[in-house]
Amino acid sequence: MSEQTAKSKTQAELRERAEAALRQQPIAASNASVDANDRLIHELRTRQIELEVQNEELRRAHAELAESRDDYADLYDFAPVGYVTVSDRDLILKANLTLIDWLGRDRQSVVNKRLSAFVVDEDQDVFYTFCRTVLEGQQTRSCQLRMHRVGADPFWAQLDGAVVETTGDREFYLRLAITDITEQKQAQSASLKSQQQLDAFFTESPAGLAIVHGQLHCVKINQTLARFNGSTVAEYSRRTKQPSASEFRGIPG
């Protein structure tokens, strides 16, 4: 259906609704013959009802649009991730409440400020490279860096961004989704520390230790076990084939 056909159909429906509404209104007694004035009055009253119907539909559409806008605002502001729109000059154009809360600030102290001002000094190069990559490649990119938080330690954030071109003026801006990954980083750090402690215990243990897989081949040995067998860890690591546990004294074959 063409736009013109749809418009004509809408106007016809409005006229039918107006005519139906007009028939329900009381009509004063008139002569049997309807003159031109009566027809004009009838047409004006019909047109008035058409406009009233259109006005009511516009009010209803406006109310639905306002409700939809409020729903979008709630979804935007209270999303579990931070959303921010940044100009190609690093100015924050818009930010949701989630990000503002993470920064420990209010909206007024965030909007129109440079996003880089909230990035810790050590990670400025990471942020600059990320923005340049997104703007030049016009593709979604990610980076991880630390951001300042008022009254607390910096938090780790993952930035996922895409470039958007404005219509007409050929300007670009960035839309970024920011996720707080502090707990993830803390878990990774704790896991790394635990692994380092385990490696240190394995390496420095006064007892000979070996890691043996199911076929009793030694995947790894410590210096104590190597020395006990008259060799070194480096010598065993140069082997193209993993040694059997039975080759080592002190390991049951």
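Here are the numbers for this structure:
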{"read-out": "Three-way shape call for region 67-184 based on the alpha-carbon gyration tensor, with the a/c threshold at 1.5", "value": "oblate"}
{"read-out": "Order of Asp38, Asp90 - criterion: other Cβ atoms within 10 Å of each residue's Cβ, fewest first", "value": "Asp38, Asp90"}
{"read-out": "Under 15 Å, Cβ to Cβ, from Asp160 - net charge with Lys/Arg +1 and Asp/Glu -1", "value": "+1"}
{"read-out": "Residues Leu145, Leu99, Leu75, Leu176 arranged by fewest to most Cβ contacts within 10 Å", "value": "Leu75, Leu145, Leu176, Leu99"}
{"read-out": "Signed unit charges on C-beta, dipole axis of region 82-185, positive-most listed residue Ala177, Ser142, Leu159", "value": "Ala177"}
{"read-out": "Charge tally in the Cβ shell below 14 Å around Phe130, where Lys, Arg are +1 and Asp, Glu are -1, Phe130 excluded", "value": "-2"}
{"read-out": "Neighbour-count order for Ile221, Ile181, Ile41, Ile92, fewest beta carbons within 10 angstrom listed first", "value": "Ile41, Ile181, Ile92, Ile221"}
{"read-out": "Sparse-neighbourhood loop sites, chymotrypsin sites (Phe, Trp or Tyr not before Pro) in region 50-130 - DSSP loop, at most 11 other Cβ within 10 angstrom", "value": "Phe78"}
{"read-out": "Cut-off 14 Å between beta-carbons: net charge of the residues surrounding Arg107, Lys and Arg +1, Asp and Glu -1", "value": "0"}
{"read-out": "Those trypsin sites (Lys or Arg not before Pro) in region 153-235 that DSSP places in a loop and that have at most 10 other beta carbons within 10 Å", "value": "Arg170"}
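Bear in mind these aren't lab numbers, they're just calculated from the coordinates by the rules spelled out. Computed from a predicted structure; not experimentally measured. All Cβ positions, glycine included, derive from the backbone under ideal geometry; neighbour counts span all protein chains shown.
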